[in-house]
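Participant: Got a structure for you, questions after.
The values are calculated or read from the model by the stated rules, or taken from the named source; none is laboratory data. The model shown is predicted, which means the values in this text are computed figures rather than measured ones. Glycine also receives a Cβ, built like all others from the backbone with ideal geometry; neighbour counts cover every protein chain displayed. For the accessible areas, the whole protein counts, side chains as well, though only heavy atoms, and no ligand, DNA or RNA atoms are used. Shrake-Rupley method; radii C 1.70, N 1.55, O 1.52, S 1.80 Å.
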Amino acid sequence: MYEGIKVVLDEFMGICLIIILLIPMLIIAMLVKMTSKGPILFKQERYGIRSRKFTIYKFRTMYVETPEMSNQEFKDIDNFITPLGKVLRKLSLDELPQLFNIVMGDMSFVGPRPLADSDIDVIYMREKNGADKVKPGITGLAQVNGRNNILDSEKAYFDQIYVENLSFLNDTKIVLQTFLNVTLAKDINRRNF
């Protein structure tokens, strides 16, 4: 039952936030364009509900010459992130265009993070444990329990726990914890294992 309510809440809140944040998003878009060459938005195919692919939108935070690979594959990722991109990532403002993904029905505010081909192992683990049965989210249980500092198996485990305990109360807790983590700039950069 909550899943149906969640869809309506996501769309309503997504539209409201786009309206409220339209001017800040336009300012960020202009700053991205003015401070480095290339497109304003980063677009990438990601895996969503039932492992179906969709295009995710973010503000571009890396130079256009950056090789296409997952963050954990970089030995010196900071060299590829623009100065503005470092600020956007630290404050998670690069995620704002995903509000459009929510309104289009590809994503939710809370759910397992949408992953790319470079995270195929986690995608397979999610398919096995049932964590791909819900829409991916801007934030999720794995993000508030380590984000980039947990193993792939831990991400899949937290995603499974999220799906098995889907509720408005748990979503609210995750959103509040996300705001705290963003405020503290917690777990932004991945540690090496």
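Participant: So for the pair residue 172, residue 100, with labels modelled 7 Å out along Cα→Cβ, what separation do we get in nm?
Facilitator: The two pseudo-label positions are separated by 3.2 nm.
Participant: In nanometres, what is the gap between the two model label sites at residue 120 and residue 45, each 7 Å from Cα along Cα-to-Cβ?
Facilitator: 1.2 nm
Participant: Next up: Please compute the per residue accessible area over the chain with all protein chains in place, 1.4 Å probe, rounded to a whole number of Å².
Facilitator: 56 Å²
Participant: Below 8 Å, C-alpha to C-alpha, sequence gap of six or more: please give me the relative contact order for the chain in percent.
Facilitator: 22 percent
Participant: Under 27 Å Cα-Cα from residue 133, which lysines qualify once same-chain neighbours fewer than 8 residues away are excluded?
Facilitator: The reachable lysines, counting only those whose Cα sits under 27 Å from residue 133, are 6, 43, 53, 58, 155, 173.
Participant: Oh, and also: When you take every Cα atom in region 1-52, what is the radius of gyration, and what is Dmax, the widest Cα pair distance, in Å?
Facilitator: Radius of gyration, then largest Cα-Cα span, for region 1-52: 15.7, 46 Å.
Participant: Here's a follow-up. Just subtract the alpha-carbon distance of residue 90 and residue 127 from 0.36 nm times their residue separation and send over the number in nm, one decimal.
Facilitator: Contour length minus Cα-Cα distance gives 10.3 nm.
Participant: Okay, next question. With point charges of +1 on the Cβ of Lys and Arg and -1 on the Cβ of Asp and Glu, referenced to the Cα centre of region 84-193, which listed residue (109, 145, 98) lies farthest in the positive direction of the dipole?
Facilitator: Comparing the listed Cα positions along the dipole, 145 ranks first.
Participant: Hey, another quick one. Measure off, as a whole percent, the carbon and sulfur share of the 1.4 Å-probe accessible area of region 1-147, all protein chains present.
Facilitator: About 63 percent, which is the carbon plus sulfur part of the accessible surface.
Participant: Give the aspartates and glutamates reachable from residue 37 as a straight Cα distance under 12 Å; neighbours fewer than 8 places away on the same chain don't count.
Facilitator: 65
Participant: Which GluC sites (Glu not before Pro) in region 93-191 sit in a loop by DSSP (not H, G, I, E or B) and have at most 16 other Cβ atoms within 10 Å of their own Cβ?
Facilitator: In loop regions of region 93-191 (DSSP not H, G, I, E or B), there are no sparsely surrounded GluC sites (Glu not before Pro).
Participant: Find the percent of Cα-Cα distances in the chain that exceed 30 Å, and round it to a whole number.
Facilitator: Percent of Cα pairs beyond 30 Å in the chain: 15.
Participant: Hey, another quick one. Can you compute the charge dipole magnitude of the chain about its Cα centre, using +1 on each Lys and Arg Cβ and -1 on each Asp and Glu Cβ, nothing else charged? Give it in debye, rounded to the nearest 20.
Facilitator: Value, rounded to 20: 340 debye.
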